[in-house]
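One structure is given below, encoded as structure tokens.
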Amino acid sequence: MAGQALAAHVRGADPDRYLASLFAPAEKREALWALYAFHAEIARVRDTVSEPMLGEIRLTWWRDVLDELYAGEAPRAHEVVVPLAHLIRSHGIARDPLEALIDARYRDLDPAPFETDGDFLAYLDATAGALMGVAAGLLTPEPPDAWLGAVREAGRVW
């Protein structure tokens, strides 16, 4: 997906993050859009399935995509997988944070409320907080440790 098509995808799927990305340096935006498009795909799983098992299948599909990409295989012909592959290869994105984003989204498939405030905060940290952490790494290759708490808090607020 070319830059403008990727931008349009993110603008439609996650307009707030799209608008926020416009404040990033122009040379970083496409990387952010690839990340945000991936996140939008996994975040919307719950809203697109009629049963939790179908959601698990879709999230497992994304885990399989990561397996293939990190094994060096050619990306699947999918509008988000191709830019994700480019992001991973061009920016050296570690697998763990992307996999953790998928893992956290399995919780979306459980209709039960969070048992404790701590469970809810852990979920926020694992979803929006982790996403913001990867985005911060794209913008500043080695963010100072002092930023980590602020990034987590910003993710919680988001």
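The values are calculated or read from the model by the stated rules, or taken from the named source; none is laboratory data. Predicted model, so just to flag it, every value in this text is computed and none were measured. Here the Cβ is made from the backbone with ideal geometry for all residues, glycine too, and neighbour counts use every protein chain on show. What goes into the accessible areas is simple: the full protein's heavy atoms, side chains included, and nothing from ligands, DNA or RNA. Shrake-Rupley method; radii C 1.70, N 1.55, O 1.52, S 1.80 Å.
Protection proxy ranking, highest mean first, for peptides 82-93, 109-120: 82-93, 109-120, where packing is the per-residue count of other beta-carbon atoms within 10 Å, averaged. The mean sequence distance of close C-alpha pairs (under 8 Å, at least 6 residues apart), as a share of the length of the range 48-140, puts its relative contact order at 29 percent. log10 I(q)/I(0), Debye, Cα-only the range 8-76, no solvent, q = 0.26, 0.28 Å⁻¹? One equal scatterer on each Cα of the range 8-76 leads to -1.07, -1.11. Neighbours of residue 137 by Cβ distance under 13 Å: Lys/Arg scored +1, Asp/Glu scored -1, total -2.
Taking Lys and Arg as +1 and Asp and Glu as -1, the other residues whose beta-carbon sits under 15 Å from that of residue 73 total +1.
Extension gain, residue 90 to residue 73, is 4.6 nm, computed as 0.36 nm per intervening residue step minus the present C-alpha separation. Accessible area per residue for the chain, computed on protein heavy atoms with a 1.4 Å probe, is 54 Å².
Placing dummy labels 7 Å off each Cα toward the beta-carbon, the span from residue 115 to residue 153 is 2.9 nm.
Relative to the globular-protein estimate of 2.2 N^0.38 Å, the Cα radius of gyration of the range 107-155 stands at 1.32.
Structural descriptor for the chain: relative contact order 21 percent, calculated from alpha carbon pairs under 8 angstrom and at least 6 residues apart. With Rh defined as the Kirkwood radius, the inverse of the mean 1/r over Cα pairs, the Rg/Rh of the range 1-116 is 0.98. The GluC sites (Glu not before Pro) of the range 1-46 include none that meets both criteria, a DSSP state outside H, G, I, E and B (loop) and at most 10 other C-beta atoms within 10 angstrom of the site's C-beta. Find, among the GluC sites (Glu not before Pro) in the range 54-114, those assigned to loop by DSSP (not H, G, I, E, B) with at most 16 other beta-carbon atoms within 10 angstrom. Answer in residue order: 73, 79.
Potential lengthening of the chain between residue 64 and residue 16 amounts to 14.5 nm, from the contour at 0.36 nm per residue minus the alpha-carbon distance.
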